[in-house]
Amino acid sequence: MSDTEPVDWSKQLFDHLVAAGITLFPYVPDAGNKRLIEYAEEHNGVRPILLTTEEEGVAVCAGADLVREKAVVCMQSSGVGNIPNFLSFVNGGRFPILMMISMRGDYGEQNPWQYPMGQAVDPILTAMGVLLFHVDHMDDLAPATEAALSATFKSGKSAALILSQRFLGAKAF
Amino acid sequence: MTPAVLDRRKVLSQIFPNPDDYLFVTGLAGSARDTAGLTKDGTNLFTMAGAMGAATSMGLGVAMSAPNKKVVVVTGDGELLMNIGSLATVATIAPANFSIVCIDNGCHGETGGQTGHTSNKTNLKMMAEGAGFSSTLLIESEAELAQGVSFLNEAPGPRFVHLRVIDGAPTVFKRNMDLAECRIRFRSAF
């Protein structure tokens, strides 16, 4: 995203997630979730959790659910490649896991290493029963977030909010 | 390294004389069976039967979301090693109400008893300390089991108990393997 971006979408998304009752933000650092996590660090009512691998975050979210709390795991698209086996308890146990995925390897990507995993994100998540809610434009953000929240915490599904590089902007190489 | 002497089927009841006081999350296989035996597959237990490497992180999510409960992860050496980075995550968050008990039999008991890293050079207590745990305890004798009770109650959390056992069979206990049912059971009781 450019410095001249007039809308602070990270703040909008953060406020939306907090209003839905989310208290834990496990994350693997990515440019796409940097400001979201900074908001979580500044907020007294929620906790960011720095992970070593994305699959930890899926399990943290499930643990929160076991005691009736809500969490969102934030990761770059590469991390989707690290989580499928943990999605087995999400799918089999019907845990309502919410993911926020900032994409690499799609619209405008300049690093050839990113394409294979980026292009595999949707089929991998679909294969494991995760519903996908894509954000390509600012107008998509609020309705896609609400749809993902409804799918998870109201309907008991697992869902991914997928922020494309068309929305985030592609990193220059 | 001295040969292990403890029988895994007899250790948990000694370090957890009052299992109802805790919420338990376990790894798969032997640690799940031992803890199911301890709690009689109680509503304060969520066991894994797959997703190897998930136990510590799931327990962390429980501990952070239920700060007034004592939360324990019981897992094995192989399960812990599969996601050993989770120890760093726990150490950074440092939840006071969280303990990990690693039942280290030095092998992969569920898949045929293949030798594990802890039978070679790997020391899990040192790895926990390296990750940033300040409260760690090695238990490898009957006498040290009593020390485990006070450690789990009094040492500042998070705590790591490294429990070395012989590579014998785990507790025989038929637990509920329907994970959706077990999720609802745990949530409903909380």
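Derivation of every value follows stated rules applied to the coordinates shown; laboratory data play no part. Given the structure is predicted, the values throughout are model-derived calculations rather than measurements. All Cβ positions, even for glycine, are placed from backbone atoms using ideal geometry, and neighbour counts span all protein chains on display.
Here are some notes:
- Net charge of Cβ neighbours under 9 Å - reference A:S10; Lys, Arg +1; Asp, Glu -1: +1
- Net charge of the neighbourhood of B:A66, taken over other residues with C-beta under 12 Å away and scored Lys/Arg +1, Asp/Glu -1, is +2.
- For the residues B:S134, B:S31, B:S65, a GNM of chain B with alpha-carbon springs under 10 Å puts the largest fluctuation on B:S65.
- A helix-only calculation puts chain B at -10500 deg cm²/dmol for mean residue ellipticity at 222 nm, using -39500 (n - 2.57) for each DSSP H run of at least four residues, averaged over all residues.
- Dipole of the protein assembly as shown [Lys/Arg +1, Asp/Glu -1 at C-beta], most positive-end residue of B:N83, A:L168, A:F14: B:N83
- Cβ-defined net charge surrounding A:A120, 12 Å radius [Lys, Arg +1; Asp, Glu -1]: -1
- Among the residues of B:59-71, the average count of other protein chain beta-carbon atoms within 10 Å of the residue beta-carbon is 6.
- Separation of the stretch B:40-102 and the stretch A:32-66, taken as the distance between their Cα centroids, equals 16 angstrom.
- Shape summary: chain A maps onto an equivalent ellipsoid whose semi-axes, from the alpha-carbon gyration tensor, are 23, 19, 15 Å in decreasing order.
- Here's the picture: charge each Lys and Arg Cβ at +1 and each Asp and Glu Cβ at -1 in the protein assembly as shown, and of B:I139, A:N111, B:A66 the one pushed furthest to the positive end of that dipole is B:I139.
- Relative contact order (%) - chain B, alpha-carbon pairs under 8 angstrom, separation at least six: 28 percent
- Theoretical ellipticity at 222 nm over chain A - DSSP helices of four or more residues, -39500 (n - 2.57) apiece, nearest 500: -11500 deg cm²/dmol
- Cα→Cβ-extended label distance, 7 Å offset, between A:A19 and A:Y107, nm: 2.4 nm
- Contact order normalised by residue count of chain A, Cα under 8 Å, 6+ apart, percent: 22 percent
- Between A:Q119 and A:R68, residue separation times 0.36 nm minus the direct Cα-Cα distance comes to 15.0 nm.
- In sequence order, the stretch B:123-136 has phi-based couplings of 10, 6, 4, 5, 5, 5, 5, x, 6, x, 6, 9, 9, 10 Hz under the Karplus curve 6.51 cos²θ - 1.76 cosθ + 1.60, θ = phi - 60°, and Gly or Pro positions carry x.
- Partners of A:K34 within straight-line reach, counting lysines whose Cα lies under 25 Å from its Cα and excluding those fewer than 8 residues away in the same chain: A:K11, A:K70, A:K171.
- For the options B:A88, B:A36, B:A51, a Gaussian network treatment of chain B with springs between C-alpha atoms closer than 10 Å singles out B:A51 as fluctuating the most.
- Size descriptor for the protein assembly as shown, Kirkwood hydrodynamic radius: 20.9 Å (Cα pairs only, one decimal).
- Cα-based radius of gyration for chain B, normalised by 2.2 N^0.38 Å, reads 0.92.
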